[in-house]
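The values are calculated or read from the model by the stated rules, or taken from the named source; none is laboratory data. From a predicted model like this one, the values you see are computed outputs, not experimental measurements. Positions of Cβ are generated from backbone atoms using ideal geometry, with glycine treated the same way; all protein chains shown enter the neighbour counts. In case anyone asks, the SASA skips ligands and DNA or RNA and just uses the protein heavy atoms, side chains included. Shrake-Rupley method; radii C 1.70, N 1.55, O 1.52, S 1.80 Å.
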Amino acid sequence: MRTDRRSFLKTAGAAPAIAAGQTAAPPPQAASEAAPAPPRQPAVSWPRKFSAAQLQQIAFPLGGIAAGSISLGGRGQLRDWEIYNRPDKGNAPAYSICSIWAQVPGRKPVARVAEARYLPPYEGQNGLGSNNAPGLPRLDSAVFTGAFPIAQIDFRDRRLPVKLSLEAFTPFFPLDADSSGLPVAVLRYRVTNPNPAPAQVAICYSIDNPVNVFRSEGAARPPADKRAAERRDSGALHGLLMTNAGLPADHAVQGDFTLAALDSGDVTIWRGWPQGRWWNSPMLFWDEFSAHGRLGAEPDPRGPVGAVCIRKEIPAGGQAEFTFVLAWRFANRTPARCGWSPQPGAENAPIGNHYCTRFPTSWAAAETLARDLAPLEQKTRAFVRAMRESSLPGAVKDGAMSNLSTLVTQVCFRTADGEFHGFEGANDRSGCCYGNCTHVWNYETSTAFLFPSLAVSLRNASFTNMLDERGAIHFRERLPKGHSRSGIAATDGQMGQIMKAYLDWKLSGDNDWLKRIWPGVKRAMEFSWIPGGWDADRDGVPEGAQHNTYDVEFYGPNPMCGVYYLGALRACEEMAKAQADGAFATECRRIFERGSKWIDSNLFNGEFYIQKVRGLKKDQIAKNLTSDMGSDNTENPEYQVGDGCLVDQLIGQYQAEVCGLGPLLDPAKMKKTLESIYRYNYKRSLMEHESVQRIFALNDEAALLVCDYGKGARPRIPFPYYAELFTGLEWSVASHMLYAGMIAQGLECIESVRRRYDGQRRNPWNEAECGHHYARAMAAWSPVLALSGFDYHAPSRRLAVKPRRRVSPFRCFWSTATGWGSFELGEKLTLTVEAGWLEVREVALPSRTVKLTSLARATPEHPLVVG
């Protein structure tokens, strides 16, 4: 059943080291120190390591962008099989286990399930049950190293005569959403033989055919179960294509799944474990494998659990790899299945998956991976290496890379036409809050800088399908595409989309695209000026009913929507100039200057900006500007900010920094505001924090809260979520602090976020808000942009490289819409390109600006060097 944001919410009832020359952060307000601060912890590093109890919550998504995922658990187990066109937390086949067998001369063989031992608790109606045979011997311990998109687990076991590790990944690298969108996972086990004699080693992967609606205990085949597995061989790829002829062609989980070995050596395969009642099936498999270290004659009759085994002899002191490939194809995506609000009557209309148009079967996807694995893996490793070698704090790298995993979860999908779509987050069994929600997706910067084709897809939807004839962007998109829209326009959502249209053009320099989209962008800005609209008098200050990301309408001038509006005016000014629309550019500039002066003069209280609540009669409000979630009394509205210190009151300036649009208000007042947000909203301990709302942090944890009323009277009924915290807001505001030179403060906020996601308290690859894997948290890429100081204006070919972290030489990853790579800035700038290109006419460095004598084109073969 579809779950929207409203129904979901109603049912839900120590600082890093400071660089030389930077000042220490002033302490937050005394109220935040009412409880003792937690002990100082070591700074977060990256790649990040987890062990012991920290393995408990880990679920590392493996899969391609918008292609579904299977997660790797901290112990090495597979969990959360989310490949069936919807979120599926906790879902897994009855059996999906990897086993290892090893023998050295003169010793008995040792067989283990290739996972670390189960962690407490051990409770359940049947104890731990029998799924995945928890009673079989497992390995003593594991250390999990996560550097998305690559995970590594180093196992330890006292009896196993060899050393075992696992590396798991799916190809994932910037600018290529298709190559990064394969419905596959690579599981590569490495075995080292430390013995003075050769070792015989076998690794076997067993998976209960997952093309299945049955979730029964054990592996017994139900009478109606028509699952089957067909052996396939293609070059070095040997395995099983699993299907289910018992499901109708249009069934939600009809599709196919591949389990294969990518190895040209000794591979044995069972299309199914021996069929049996009770637990005979796993018992007979274990008897065979633990005794012989391979799969013998194929069972007949057989059950639905297929197995693929690789066996090798490893010389003394040698090492060998055992590579398995998982692939899937499930094409029957419908709005009802995934939880997306449809066009009327189209709940079960097929909208498909882009990856399914590329591969007729999962075996074909596995073949593509096997054929292209070397270059795909090289680019994936180059991406990770570029970030690992960057001169950025560990927590910045950890947050930026870890939150990219959201793109491979069921939060994101591409319909059969290739267009990209995203929920806000994911409930356990359904998408949460459909529609590429503009006021949520505005915050993230990952798509624009790493996968611009996906960002452009979102923008195309905003300025076509979601745009009505008046210019209102209805902030949620319905599918399939049609004439019905979601209902209302959000002020912050609309302004942010205008700014992001500018950003997409700035990064690409694609003037043809800007020409196509400009009429819609212009109409969206002009919507602000209609009678009853946000700024009908064009004084630069939104005053009408302003629906926003807090799911209510703000009435009267307020900094959040007001500054966003100023940013959109500046973005329109720049785009209008590029389109030779001088009159519109001049009008946008005039309104911008007037509004900027008014907000500085009237909303700044000496420490931060506040809201002046001004109600309206309902007949003064334009159509499609109010929801049924805000105040019923629009003349004396509830759910307002009032005099509170709102954490994202300068969200428009944050976006302007990312876009390179310059200051929207007085820089001194904005700096004071950021200092106030740090002083009032940042709490180093939440021991004394009072909240009856959703809890995303508590006890000794530190966090940046949505709103603080320490300096102003709280309305009797304040806006929703005021006492909560959203990691997406923390990332955005911390990034703005970095842009403003508040390095120590920004990094402290960032450290606080990632320390909360430590593997024991929470999954480091799942920052939740209204659902798992919340899209807003992909604003975690913004600190990379802020600290690197890398800013490229593609239309003019101007490049600025002015790092905000004082390290020499400074190294960092960079990306635009045309290329990506690394740069090093010391006495000279050296920019290398890993893929694509970068054209440059002018380079601005910290101490000088260099105008090149001719257009330079940096490529993988020809780096850019500026002395």
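Quick one: if the Förster radius is 56 Å, what FRET efficiency do VAL850 and ASP287 give, using the C-beta to C-beta distance and rounding to 0.05?
Approximately 0.20, to the nearest 0.05.
Leaving out ligands and nucleic acids, and using a 1.4 Å probe, what accessible area per residue does the stretch 280-332 come to in Å²?
Per-residue value: 37 Å².
In debye, nearest 20, what is the charge dipole magnitude of the chain about its Cα centre with +1 on Lys and Arg Cβ and -1 on Asp and Glu Cβ, if you could check?
1160
Sort largest first and round to whole Å: the equivalent ellipsoid semi-axes of the stretch 560-614, each the square root of five times a Cα gyration tensor eigenvalue.
Values for the stretch 560-614, descending: 27, 10, 8 Å.
Can you work out the accessible area per residue across the stretch 747-789, with the rest of the protein chains kept in place, probe 1.4 Å, in square angstrom?
13
Return the Rg/Rh ratio of the chain with Cα-based radii and a Kirkwood Rh.
Result: Rg/Rh = 0.98.
Could you give the length gained on full extension between ARG385 and GLU230, defined as 0.36 nm per residue of separation minus the Cα-Cα distance, in nm?
Separation in residues times 0.36 nm, less the Cα-Cα distance, equals 51.9 nm.
Setting aside same-chain residues fewer than 8 positions from LYS669, which aspartates and glutamates have a Cα under 13 Å from its Cα?
ASP600, GLU607
How high is the FRET efficiency from ALA43 to GLU861, r the C-beta distance, R0 51 Å, rounded to 0.05?
With R0 = 51 Å, the Cβ-Cβ based efficiency is 0.85.
Among rounded, prolate and oblate, which fits the stretch 653-765 when a ≥ b ≥ c are the square roots of the eigenvalues of its C-alpha gyration tensor, a/c under 1.5 means rounded, and a/b larger than b/c means prolate?
Oblate.
As I understand it, the dipole of the chain uses +1 on the Cβ of Lys and Arg and -1 on the Cβ of Asp and Glu, about the Cα centre. Which of GLY615, ILE310, ASN85 lies farthest toward its positive end?
In the chain, that residue is ILE310.
Could you tell me which of LEU674, ALA297, THR409 has its Cα farthest along the dipole of the chain towards the positive end, charges placed at Cβ (Lys, Arg +1; Asp, Glu -1), taken about the Cα centre?
Result: ALA297.
For the stretch 569-681, what does the alpha-carbon gyration tensor say about shape, rounded, prolate or oblate, given a ≥ b ≥ c as the root eigenvalues, a/c under 1.5 as rounded, and a/b over b/c as prolate?
Oblate, since a/c reaches 1.5 and b/c is not below a/b.
Can you tell me the FRET efficiency between ASN605 and VAL692 if r is taken as the Cβ-Cβ distance and R0 is 25 Å, rounded to the nearest 0.05?
0.35
Run through the stretch 753-852 and list the GluC sites (Glu not before Pro) located in a DSSP loop whose Cβ has at most 13 other Cβ atoms within 10 Å.
GLU827
Report, in cubic angstrom per residue, the convex hull volume of the C-alpha atoms of the stretch 737-804.
Normalising the Cα hull of the stretch 737-804 by residue number yields 110 Å³.
What does the extension gain come out to for TRP837 and SER796, with contour length at 0.36 nm per residue minus their alpha carbon separation?
13.2 nm
At 1.4 Å probe size, with the rest of the protein present, what percent of the exposed accessible area of the chain is carbon and sulfur atoms?
On the chain, the fraction of accessible area on carbon and sulfur atoms equals 49 percent.
log10 I(q)/I(0), Debye, Cα-only the stretch 335-423, no solvent, q = 0.15 Å⁻¹?
The calculated log intensity ratios at q = 0.15 Å⁻¹ are -0.83.
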